[in-house]
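The structure under discussion appears below in the form of structure tokens.
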Amino acid sequence: MLIVAGHFDVDPDERDAFIAGRIEMVRASRAEPGCIVYAFSPDPVEPGRVLLFERWEDKASLAAHLERLRSAPRPADVKVLSAEIQQYEIADVGPVGS
């Protein structure tokens with residue numbers, strides 16, 4: 001399993017527009033083979049931060065998703081001031097605290 005997680009920083013007044021402009025991308029991504037979770041959400045403390053969280057079954061599924069994104073039109077509605085996104089390979093999964 002792979003987890004992709006990180007954040008985007010945008011103007012706080014444009015954060016809701018940033019998320020709204022990506023709703024169709026979220027729907028399309030969730031429908032892709034191998035996608036377990038795909039979400040953008042507002043950070044409850046930082047007013048201009050949008051959190052990204054994805055879970056993928058395998059590297060091939062994530063690679064196909066990234067290829068699709070490269071050819072998809074990008075929303076040009078809100079300028080991203082900074083971003084940090086990381087990929088994590090997960091070897092084991094279980095309940096919290098186990």
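Since every read-out is calculated from the coordinates, none of them should be taken as a lab result. Just so you know, these numbers come straight off a predicted model, no measurement behind them. Here the Cβ is made from the backbone with ideal geometry for all residues, glycine too, and neighbour counts use every protein chain on show.
Descriptive notes on the structure:
- Per-residue ³J(HN,Hα) for the stretch 84-90, Karplus 6.51 cos²θ - 1.76 cosθ + 1.60, θ = phi - 60°, Hz, x for Gly and Pro: 9, 10, 10, 10, 10, 8, 10
- Cα gyration tensor category, rounded, prolate or oblate, for the stretch 40-88 with a/c compared to 1.5: oblate
- Basic side chains Lys and Arg get +1 at the Cβ, acidic Asp and Glu get -1 at the Cβ, and with that the dipole of the stretch 2-89 about its Cα centre reaches some 300 debye.
- A viscosity of 0.890 mPa s and a temperature of 25 °C, combined with the Kirkwood radius over C-alpha pairs in the Stokes-Einstein formula, give the stretch 2-89 a diffusion coefficient of 183 µm²/s.
- Helix axis angle, 59-71 relative to the chain longest principal axis, alpha carbon, degrees: 30 degrees
- Rounded to 0.05, the FRET efficiency of the Met1 and Leu81 pair, given R0 = 30 Å and the Cβ-Cβ distance, is 0.45.
- FRET efficiency estimate (nearest 0.05) - Cβ-Cβ, Val96 to Ala72, R0 35 angstrom: 0.50
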